[in-house]
Amino acid sequence: MKQSPRPNAYRDHWAGGLTSADVGTQVRLAGWVNTRRDHGGVVFVDLRDRSGLIQLVFHPDTAPAAHAAAHDLRSEHVISATGEVVLRSPENVNPALPTGEIEIAVRGLDHLAVSQTPPFPLDEDGPLDETLRLRHRYLDLRRDSMSRGLALRHALIAAMRSHLDARDFLEIETPILTRSTPEGARDFLVPARMTPGSFYALPQSPQLFKQLLMIAGYERYFQIARCFRDEDLRADRQLEFTQLDIELSFVAEDDIIELIEGLMTDVFAVGDFPVPPAPWPRLGYDDAMLRYGSDKPDTRFGLEIVDVTDLVRGSQFKVFERVIDGGGVVRALNAGPRELSRAEQDALNPIVARHGARAVAPIYVSDTGWRSNLEKFFSPEQVAAVNHKLGASPDDLLLFVADREPVAAASLGALRLELGNRFDLIPAGRHDILWMVDFPMFGYNDADGRWDALHHPFTAPAPAHGQTELSFDDPGSLRSRGYDLVVDGVELGGGSIRTHTPEIQSQVFAAIGMDEAEAESRFGFLLEALRYGAPPHGGIAFGVDRIAAIIAGHESIREVIAFPKTASGSDPLTGAPAPVDDKQLRELGIRLASRPPTPA
């Protein structure tokens with residue numbers, strides 16, 4: 001804690017802020033009993049407040065009343081104590097505790113509240129059932145690991161605000177109740193009581209409002225924004241989350257990237273998270289998908305993917321030939337000298353199958369070629385060329401996937417990560433950071449038979465490679481003016497330069513199958529605003545929860561969110577989501593088609 005609290009009837013110092021420099025000082029502390037120990041008449045209590053721990057000592061001869069009251073203390077009781085800061089004897093110094101050189105010789109004790117026995121230990125950081133933790137989250141939050149995580153989160157957000165404030169940004173709030181717009185995920189809808197049959201939507205992001213702020217002339221905006229998406233949950237996703245939202249006017253990509261490199265350098269420094277110094281490398285989408293099979297590649301280890309289509313073309317191996325003749329690719333990675341059993345090799349197939357590939361073709365390298373019954377289908381020249389391109393040595397394991405390009409890329413990308421984790425190929429303590437750039441603007445949706453904007457439809461398109469003029473004749477050839485920041489294979493945030501003319505925005509809507517009437521119905525307010533002199537602008541958004549989790553070393557963002565939901569979207573603490581009574585539904589003009597199941 002930065003300074004002592006304002007003195008009052010309960011405390012005048014933070015427990016964790018006292019040091020040997022305070023020896024001889026009379027202090028009053030307040031907090032929770034972390035542990036209590038009775039050592040032959042002398043009672044020791046570890047007092048915990050938000051700042052940390054300190055040991056209280058109750059002597060029967062110097063403070064008999066306080067000593068007698070201390071016998072009734074148990075874990076999580078709430079107390080206020082007065083006493084003198086004294087040095088511990090050398091043999092009792094606790095080097096693992098910041099306050100381990102001192103203790104408080106207690107003179108007076110106020111027993112403020114008692115506690116039931118907690119359902120799990122609060123002074124340990126071992127594994128616990130997550131539902132139990134969330135059911136009693138107010139207790140779980142007392143644990144040191146949770147306290148550190150939320151304090152880190154606060155410090156990171158403070159660093160963000162400080163950096164942006166020093167660069168003339170205004171923090172502006174945008175609405176939580178807005179209209180439903182297609183932004184890639186399902187909206188949470190809120191019935192409008194005063195307009196029966198109509199609904200608000202909770203914002204998936206402040207995207208449209210921050211663009212309107214640029215049109216309004218505010219030029220530099222940011223917000224620590226709450227966002228809501230009704231989508232399936234996982235370790236790094238929640239129904240509601242927090243993002244750092246930024247937008248600037250009169251900028252291009254380099255301006256925003258330079259700003260963010262300075263901002264995130266400050267954020268990483270606050271979190272003591274070592275990354276290479278800026279400027280950070282930029283990797284194009286096509287190159288990343290070829291080499292790593294991912295648009296958020298983990299570059300901390302090798303096992304890069306190589307396209308060998310041309311090298312194996314014309315072989316006698318019908319599986320590869322069918323794929324190549326159908327316009328597909330053959331890609332491979334060199335897993336190194338990994339001796340896998342047949343069962344372990346077969347276990348690689350489900351990994352690629354999750355991404356649409358049929359199977360992995362494993363081939364071991366020998367002194368003369370390949371140690372595989374597949375070798376007979378390839379000429380010696382083909383075998384040698386593949387080995388050379390993969391940098392293969394005898395006993396290396398080569399893994400091949402043949403399929404459509406997106407499937408081969410994603411499948412081998414997943415296989416690469418599996419092998420990297422399985423064989424501990426990621427150097428301890430190393431963190432890599434890079435910018436992903438040059439994304440495609442659109443991707444074809446086979447299920448719906450139309451083009452989709454791969455980021456969002458407000459991203460500015462760029463001409464196809466080798467072109468200088470925008471043409472929507474072939475949407476698949478257009479590139480995006482988007483960019484993502486990736487750390488250790490995790491996307492921390494992404495953004496883009498925005499479309500700032502109504503003509504280009506209408507063409508983007510048309511490319512994704514939205515006719516003029518639908519565009520006006522859904523986004524007429526934006527198109528109208530763009531007709532009133534919109535500056536070139538762009539921005540970016542970062543997942544605050546994800547940044548805090550990565551810096552804290554947690555797999556799940558739930559560890560840095562005070563009151564998260566479970567993987568099923570429920571809240572064991574409050575029982576949300578929960579049914580509402582018929583009166584509320586009638587006020588909203590809603591009738592349920594089915595009733596939720598009655599809780600057990």
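The numbers here are math on the coordinates, done by the rules we state, and not lab data. This is a predicted model, so every value here is computed, not measured. We place every Cβ from the backbone using ideal geometry, glycine too, and count neighbours over all the protein chains shown.
Structure data summary
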{"read-out": "Convex hull per residue volume in Å³, alpha carbons only, for the range 465-567", "value": "187 Å³"}
{"read-out": "Normalised alpha carbon radius of gyration of the chain [divisor 2.2 N^0.38 Å]", "value": "1.20"}
{"read-out": "5 Å-binned pair-distance histogram of the range 273-313 (Cα, whole percent)", "value": "5, 18, 22, 21, 17, 10, 3, 3, 2, 0"}
{"read-out": "Sequence-separation-based contact order of the chain, relative, with Cα cut under 8 Å and 6+ spacing, percent", "value": "13 percent"}
{"read-out": "Mean residue ellipticity (222 nm) of the chain, computed from DSSP H runs ≥ 4 via -39,500 (n - 2.57), nearest 500", "value": "-8000 deg cm²/dmol"}
{"read-out": "Charge-dipole axis of the range 90-137 as Lys and Arg at +1 and Asp and Glu at -1 on Cβ define it, positive-most pick from Ile102, Val114, Pro127", "value": "Val114"}
{"read-out": "Counting DSSP beta bridges with both ends in the chain, the antiparallel % (nearest 5)", "value": "95 percent"}
{"read-out": "Those GluC sites (Glu not before Pro) in the range 93-189 that DSSP places in a loop and that have at most 15 other beta carbons within 10 Å", "value": "Glu124, Glu173"}
{"read-out": "Cα pair count fraction exceeding 24 Å, expressed as % - the range 53-150", "value": "38 percent"}
{"read-out": "Relative counts (whole %) of C-alpha pair distances in the range 280-392, using bins that are 5 Å wide", "value": "2, 10, 18, 23, 23, 15, 7, 2, 0, 0"}
{"read-out": "In Hz, Karplus ³J(HN,Hα) per residue of the range 153-165 (6.51, -1.76, 1.60; θ = phi - 60°; x = Gly, Pro)", "value": "4, 4, 5, 5, 5, 4, 5, 4, 4, 5, 4, 6, 4"}
{"read-out": "Convex hull volume per residue in cubic angstrom - Cα atoms of the range 399-486", "value": "151 Å³"}
{"read-out": "Taking the range 112-237 and dividing mean pair separation by its residue count, relative contact order in percent (alpha carbons under 8 Å, at least six apart)", "value": "20 percent"}
{"read-out": "The range 218-318 shape via C-alpha gyration tensor axes, a/c threshold 1.5", "value": "prolate"}
{"read-out": "Whole-Hz couplings from phi, Karplus 6.51/-1.76/1.60, listed for the range 413-425; x for Gly and Pro", "value": "x, 5, 5, 4, 5, 4, 5, x, 6, 4, 9, 6, 8"}
{"read-out": "Inter-centroid distance (Cα atoms) of the range 134-209 relative to the range 409-449, Å", "value": "28 Å"}
{"read-out": "Under 11 Å, Cβ to Cβ, from Arg88 - net charge with Lys/Arg +1 and Asp/Glu -1", "value": "-3"}
